[in-house]
Amino acid sequence: MIRPEWLKPGAAVGVTATSNGITKEQKIFRFQNGKRQMEMRRHPVIFTDNVFTADEKGRSSDGRTRGRQFNELVANKEVSAIIAAAGGDYLVEMLPYVDWELLQRNPKWIQGYSDSTSLLYTITTRYDIATAYGCHFGEFGMEQWQKPVIEAYEILAGERSKQNSFDAYEDGILDYETGLEGYRPNMPVYWKNGRKEEEISITGRLLGGCTDVLFFLAGTPYDGTQSYIERYKKDGILWYMETFSANSEQLE
């Protein structure tokens, strides 16, 4: 598998709205603080024009525009990582306009979750480039980075190769008061062993994303599942599936 170069000091972070954009004042403030946090770590931040726009359907811009702005970040030699602005419902519209050959010539870390699955899953299964299923850019704008955000950054920077489960998680999407809030974990994390074994160990290549999105990708030209599994069947495949209910306004 192709592993993009790590995010080194001095390398830029590109942020683009592959699905929905950011228009609420508190979240714009959060993004500006995320930019400051990255710059403190010696990473200039480049926002594409669509980051702070959204239409009534929850799209930052049309699919062609989103594809073009993503391609511009891929082509930019100063950018080592591209982080999605937000999730939403319409990322799939930009897939026909992504320059896949350009991405293959310039592999970079692409990070996001939820609707970002369309892009990440295609890049990994069709083009054999590692991607990072994790924080959108707004999460880097919390006042003090909490463990999940720190680890997401460390993975991009090549400082971490292993992740462990967390003790608790935030159930639902909570409103911001200042725009600088961190996670507010309110539910314990626990594991269910269906075979009732005392201990279970699983290894393999992690593949998956948001279940809703994967359903739409299945069988399309952007679905490389079968070839990916065949390519790495000796390593074993671990499926990660996430689903939740949230409307575009909440993800804005």
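The values are calculated or read from the model by the stated rules, or taken from the named source; none is laboratory data. Note that the structure is predicted; figures quoted are calculated from it, not measured. Because the Cβ atoms are built from the backbone with ideal geometry, glycine has one as well, and the counts that use them run over all protein chains shown. Protein only, heavy atoms only, side chains kept; ligands, DNA and RNA dropped before computing areas. Shrake-Rupley method; radii C 1.70, N 1.55, O 1.52, S 1.80 Å.
The H on the amide N of residue 45, modeled in the peptide plane, is under 5 Å from the matching H of 13, each at least 5 residues off or on a different chain. Quick check: the distance between the Cα centres of the range 120-191 and the range 1-66, to the nearest angstrom? Cα centres, the range 120-191 to the range 1-66: 15 Å. All Cα-Cα distances of the range 5-48, cut into 5 Å bins from zero to the largest, leave 6, 21, 27, 24, 15, 7, 1 percent in each bin in turn.
Cα-Cα over 31 Å: which of 27/233; 108/147; 57/108; 35/233; 35/57; 35/77?
Details: 27/233 42 Å; 108/147 24 Å; 57/108 29 Å; 35/233 40 Å; 35/57 27 Å; 35/77 19 Å.
Beyond 31 Å: 27/233; 35/233.
On full extension, the segment bounded by residue 39 and residue 144 gains 36.4 nm, given 0.36 nm per residue less the C-alpha separation. The 3J(HN,Hα) values that the Karplus relation (6.51, -1.76, 1.60; θ = phi - 60°) gives for the range 63-69 are, in residue order, x, 4, 5, 4, x, 5, 5 Hz. Gly and Pro appear as x. The simple spin-label model puts a point 7 Å past each Cα toward its Cβ; for residue 52 and residue 99 those points are separated by 2.7 nm. For the range 1-101, report the translational diffusion coefficient in µm²/s to the nearest whole number, using Stokes-Einstein at 10 °C, 1.306 mPa s, and a Kirkwood Rh over Cα pairs. Using the Kirkwood radius from Cα pairs, D works out to 114 µm²/s.
Based on alpha-carbon atoms, the Kirkwood radius and the radius of gyration of the range 19-70 give Rg/Rh equal to 1.03.
Can you send over the carbon and sulfur percentage of the accessible area for the chain, probe radius 1.4 Å, protein chains only? Let's see the in-between values first.
Numbers: 6860 of 13810 Å².
So the carbon and sulfur contribution to the accessible surface is 50 percent.
Here the calculated FRET efficiency for residue 187 and residue 237, from their Cβ-Cβ distance with R0 = 22 Å, stands at 0.20, rounded to the nearest 0.05. Straight-line reach from residue 234: taking Cα to Cα under 25 Å and skipping same-chain neighbours fewer than 8 places apart, the lysines in range are 162.
Computed from the Kirkwood radius of its Cα pairs, the Stokes-Einstein diffusion coefficient for the chain at 10 °C and 1.306 mPa s stands at 85 µm²/s. Where does the range 133-239 land on Rg/Rh, using Cα atoms and the Kirkwood Rh? Ratio value, two decimals: 1.01.
Tell me the per residue accessible area of the chain using a 1.4 Å probe; a whole number in Å² is fine. Present the calculation step by step, with values, prior to reporting the outcome.
On the way: 13810 Å² over 252 residues.
Here the residues of the chain average 55 Å² of exposed surface.
Step by step: find N for the range 43-173, compute 2.2 N^0.38 Å, then divide the Cα radius of gyration by it. What's the final number?
Details: Rg = 14.9 Å, N = 131, 2.2 N^0.38 = 14.0 Å.
In units of the globular-protein estimate, the range 43-173 measures up at 1.06.
Computed extension length for residue 32-residue 206: 59.4 nm, one decimal, from 0.36 nm per residue of separation with the Cα-Cα distance subtracted. Expressed to the nearest 5 percent, the antiparallel share of DSSP beta bridges inside the range 147-252 is 25 percent.
A simple packing score, the average count of other Cβ atoms within 10 Å per residue, orders the peptides 140-148, 181-189 as 140-148, 181-189, with the highest score first. Only the Cβ atoms of Lys and Arg (+1) and of Asp and Glu (-1) were treated as charged; on that basis the dipole of the range 32-143 about its Cα centre amounts to roughly 340 debye.
Quick check on the range 66-134: take the gyration tensor over C-alpha atoms, sort the square-rooted eigenvalues as a ≥ b ≥ c, and tell me if it's rounded (a/c under 1.5), prolate or oblate. Rounded.
I'd like the FRET efficiency for residue 180 and residue 220, computed as 1/(1 + (r/R0)^6) with the beta carbon distance as r and R0 of 41 Å, rounded to 0.05.
Details: r = 39 Å, r/R0 = 0.96.
Rounded to the nearest 0.05, the efficiency is 0.55.
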